[in-house]
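The values are calculated or read from the model by the stated rules, or taken from the named source; none is laboratory data. Note that the structure is a prediction, hence the values are computed from the model and not measured. Here the Cβ positions follow ideal geometry from the backbone for every residue, glycine too, while neighbour counts run over all protein chains shown.
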4 protein chains.
Amino acid sequence: MKKKIPVGILGATGSVGQMFVNLLEDHPFFEINDLCASERSHSKKYSEAVNWIIPKPLSEKIGNMVVKPCEPNINSRIVFSGLDSKVAGEIESNFAKNGYIVISNSKNHRMFENVPLLIPDVNPDHLDLIKHQKYGKGLIITNPNCSTIGLCMALKPIIDEFGLDSVNVVTMQAISGAGYPGVASLDIIDNVIPFIKDEEEKMELEPLKILGKINNNKIDFAEFKISAQCNRVAVINGHTECVSIRLLEKQQKKK
Amino acid sequence: MKKKIPVGILGATGSVGQMFVNLLEDHPFFEINDLCASERSHSKKYSEAVNWIIPKPLSEKIGNMVVKPCEPNINSRIVFSGLDSKVAGEIESNFAKNGYIVISNSKNHRMFENVPLLIPDVNPDHLDLIKHQKYGKGLIITNPNCSTIGLCMALKPIIDEFGLDSVNVVTMQAISGAGYPGVASLDIIDNVIPFIKDEEEKMELEPLKILGKINNNKIDFAEFKISAQCNRVAVINGHTECVSIRLLEKQQKKK
Amino acid sequence: MKKKIPVGILGATGSVGQMFVNLLEDHPFFEINDLCASERSHSKKYSEAVNWIIPKPLSEKIGNMVVKPCEPNINSRIVFSGLDSKVAGEIESNFAKNGYIVISNSKNHRMFENVPLLIPDVNPDHLDLIKHQKYGKGLIITNPNCSTIGLCMALKPIIDEFGLDSVNVVTMQAISGAGYPGVASLDIIDNVIPFIKDEEEKMELEPLKILGKINNNKIDFAEFKISAQCNRVAVINGHTECVSIRLLEKQQKKK
Amino acid sequence: MKKKIPVGILGATGSVGQMFVNLLEDHPFFEINDLCASERSHSKKYSEAVNWIIPKPLSEKIGNMVVKPCEPNINSRIVFSGLDSKVAGEIESNFAKNGYIVISNSKNHRMFENVPLLIPDVNPDHLDLIKHQKYGKGLIITNPNCSTIGLCMALKPIIDEFGLDSVNVVTMQAISGAGYPGVASLDIIDNVIPFIKDEEEKMELEPLKILGKINNNKIDFAEFKISAQCNRVAVINGHTECVSIRLLEKQQKKK
């Protein structure tokens, strides 16, 4: 196999950033070349800047890398962003404008008109949107909210075959989804928390873009209705979702 | 206040029976007079027969009562039944036939034509059914499945005002609902169990009887559709339910 | 009963302060008259300043009280302090110097020479120390670390009767002891945390003062050895402690 | 590498037996050749006889093996026993008498005079005992109780270098140690169970054999004192142990 592609991670010390490190470290195509984080971590060794919460130990090689600023002067042309949404919007745009390929887990650009909200198994054709982005050589691709992904993978073959009138989804989401320190143990032990900030809004909107169809260089959003109720449960990893659907009546489908 | 009414508890050593003991011990109207259980417990002191799992300690007075057989020769005319469904059918019928008033938490008689499936806040008029029971002076009244009760209390004012087309309900149920020893800790710690035997069937049927209307001495079952998905979560007491409803369209309602 | 004694609570919005509110609200002798907290809460209604985490709901009466600064100009002469140890030292001294009776749960003054470290069931005679405090009409009394209290109550009759050579104690402490938000759920679900900052140090020192004897207006510390190992477990309330002791040999005891 | 050694597993459907399957399936030296269990499982496919609770899925190859009786007529000469202690004594003796090498996790033979209670890192020399067993070509080797193993590995270098006067150990043990269904969830969620049947007795006795010395074909038990307090905590896998030791005084050590 030829040389691996060097990549950078934005927000590398956060919980999403750590997961990128974990998933990319032994990747067959990619090689972690740049770890970028906020000022607090600059010039520190990654092992000193990070509060490593992934069960698999941090490798010495990655731990010894020096953390850089989130500025578009790194050698990797591809960056994976796990930035907090408070800063992701500006930093990711800045990277894209300077010619970088930004793959983002943050919510900021998800609903932008020309930005694919991508689940490779569901809507790979949405990648066409990037031709119409205005970032020159740079571009931004986003992935959906965690609980949206599972839902869309289940809905995709159904909407294609039968059409969807409406979807009710109730989630029981793991605490790891809230980052670290995230959910206080006093709140979740012997309890269910029937609220996750902004989560229901994302689940009721994102699938309509993901399951929409490209039409004239834009996405026509899917038109079914979604009602989402999101709960946090005392589970470390892995979301459970209970979905009820109502199919389109035949007549409507034919249209 | 005048003399309290003596009552008996059938299946008094089980987890439901213990809850009856707990709720009835200091009751303003009732007085526990008879504790009845299976052969294993006969003639033992209640404190020796029971594996008491209620946080509030067993009182000395109740603990010293001698456990009797589940036979219709006790002095209390009212009995509360927490019997296991394997034996509840026969024993409860036997008590009713012998003139006892049986209030049962077991599922066996719930769907019998003349047996009220009662939530006092929702369908007190269903008590009229007892006039048509064939037990002579005896009678049987049942209460619904635990997760059905909360659902029906929420649906009652809605169906009265708007009419219901369909209901989706997802439950996150406490481990106490499975009795003792019930759910194995290896199954539920750091987990959600997406299945509770027979529970979805009960939740999809019982509300139709409870929210039905008495017509000509029978209940016309309510006609909306229910889809229930029941989960067990690592919570000790208290069920959480997420409900989505679709109202009847106006036209249908007018009918 | 005559008029209740008005009292104030310092650090009233914190988790210890809330517990003081909870315990004092219906107290037979005391009446909550002043709720004092940091600048962030000044002039707010208590219900708006506090993130109430006690299961029993906050009463309207207490919720409507206006939070005051932690300054010694309140009418209550007795104050209970649940202040964070970062500020408790200075504020409590200031109250004492200005004539207030300070009862503190904070660690700052516990080891001061003339300050009783009091468990009423164990060392009520240590109250004599307050005569020698230099605060004029004011005074400071402290209570021990939570896990120290249970240990000392068990050790007191043993040391009196047999003498103690050494004590090994291992604790399994509830998450409520860490305040709110306190322990991250990702750290404690499916885990034991074998470290609680400063806890072992307190458990190895405080009992020696508490079980010491007043001699010439000072406390001669008890002389046995303590080895403490403190763990956090996934329990909401209530610490468990496993204690092993070695008694003094008879010869030593006689001395 | 040459042909793998065929082995059998006694009690293959239980939780210990499943762990043997899990650990031996891809073993470099051994090959699972015989799965033996109680009458209830005879002649069934293993996948049908077992309630598989190990996270790693049961392989098709093992799942298709037919379960045999626990009788000494199998081809594997080495058997690993995860039998319940109610039956392990007789069955294991029977295998040994018939020429099999029995490696047992059950407690039954642990304290027999000529049976090694083996931790390979601690007392490999105890294997010499097998020369004096009376089973002909067969033999029995046992491994200690789970919480004993960790304790002995920590104590071994200390007793060798300094000598031990006494040991206090407090355990916080995982629920997996109780098998399946094992600990009821109602007992352990939001709780610590300060009792594990027979566990303290094992921890106070087994280390004295393991850390003893072979003398004249027998083991002279180690002579220090052990006090064990065993707790169950809401952890799935992995025991935590807090150990305090008192070394031998120099004078005694010299002896």
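Regarding region C:40-52, can at least one residue be identified that is of a type in the set (Ser, Thr, Tyr), crowded, with 18+ Cβ neighbours inside 10 Å and under 21 Å from the mean Cα position of the chain (by Cα)? For region C:40-52, residues of a type in the set (Ser, Thr, Tyr), crowded, with 18+ Cβ neighbours inside 10 Å and under 21 Å from the mean Cα position of the chain (by Cα): absent.
Would region C:118-134 turn up any residue that is touching a strand residue (DSSP E or B) at 6+ places or on another chain (Cβ under 7 Å), under 30 Å from B:Asp190 (Cβ atoms) and touching a residue at least 40 places away in the same chain (Cβ under 8 Å)? No, region C:118-134 contains no residue that is touching a strand residue (DSSP E or B) at 6+ places or on another chain (Cβ under 7 Å), under 30 Å from B:Asp190 (Cβ atoms) and touching a residue at least 40 places away in the same chain (Cβ under 8 Å). The residues on offer are C:Asn51, C:Asn33, and the sole one that is within 22 Å of C:Ile91 (Cβ to Cβ) and modelled with pLDDT under 95 is C:Asn51. Test of understanding: among C:Asn191, C:Asn216, which residue is polar (S, T, N, Q) and over 29 Å from A:Val192 (Cα atoms)? Exactly one of C:Asn191, C:Asn216 is polar (S, T, N, Q) and over 29 Å from A:Val192 (Cα atoms), namely C:Asn216. Out of C:Asp165, C:Asp160, which single residue is modelled with pLDDT of 95 or more, on the phi < 0 side of the Ramachandran plot, touching a strand residue (DSSP E or B) at 6+ places or on another chain (Cβ under 6 Å) and in the same structural domain as C:Lys250 (by TED's automatic domain parsing)? One residue alone meets the criteria, C:Asp165. In region C:232-243, the count of residues that are surrounded by fewer than 19 Cβ atoms within 10 Å (Cβ to Cβ), within 13 Å of another protein chain (Cβ to nearest Cβ) and touching a Cys at 6+ places or on another chain (Cβ under 9 Å) is zero.
The single condition from (1) in a loop (DSSP other than H, G, I, E, B); (2) free of Cβ contacts under 8 Å to residues at least 60 places away in the same chain; (3) hydrophobic (A, V, I, L, M, F, W, C) that C:Leu35 fails is (1).
Please verify whether C:Ala184 is facing chain A (nearest Cβ under 10 Å), touching a residue at least 40 places away in the same chain (Cβ under 8 Å) and farther than 16 Å from D:Cys242 by Cα, treating the condition exactly as stated. For C:Ala184, the condition - facing chain A (nearest Cβ under 10 Å), touching a residue at least 40 places away in the same chain (Cβ under 8 Å) and farther than 16 Å from D:Cys242 by Cα - is not met.
So in region D:155-176, with the set limited to residues that are surrounded by 18 or more Cβ atoms within 10 Å (Cβ to Cβ) and more than 14 Å from chain C (Cβ to nearest Cβ), which one is farthest from D:Asn237 (Cα to Cα)? My answer is D:Gly163.
Within region C:194-208, the set of residues being more than 7 Å from every other protein chain (Cβ to nearest Cβ), surrounded by fewer than 18 Cβ atoms within 10 Å (Cβ to Cβ) and closer than 24 Å to A:Ser185 by Cα comprises C:Phe195, C:Lys197, C:Asp198. Return yes when B:Leu186 is more than 22 Å from B:Gly82 (Cβ to Cβ), in a helix (DSSP H, G or I) and of a type outside the set (D, E, K, R) and no when it is not. In short, yes.
I'd like the residue in region B:209-226 that is in contact (Cβ under 8 Å) with a residue 60 or more places away in the chain and touching a helix residue (DSSP H, G or I) at 6+ places or on another chain (Cβ under 7 Å) and, out of all such residues, is farthest from the other protein chains (Cβ to nearest Cβ). Here the residue is B:Asn217. Report whether or not D:Lys97 is surrounded by fewer than 23 Cβ atoms within 10 Å (Cβ to Cβ) and over 22 Å from D:Ser41 (Cα atoms). Yes.
Residues in region A:53-76 that are under 23 Å from the mean Cα position of the chain (by Cα) and assigned to a loop (DSSP other than H, G, I, E, B): A:Ile53, A:Ile54, A:Pro55, A:Lys56, A:Leu58, A:Val67, A:Cys70, A:Glu71, A:Pro72, A:Ile74, A:Ser76. For A:Ile9, the test of being of a type in the set (A, V, I, L, M) and assigned to a strand (DSSP E or B) is passed.
Of the residues examined, C:Ala88 is one that is buried (at least 22 other Cβ atoms within 10 Å of the Cβ) and either in contact (Cβ under 8 Å) with a residue 12 or more places away in the chain or farther than 23 Å from C:Asn237 by Cβ (or both).
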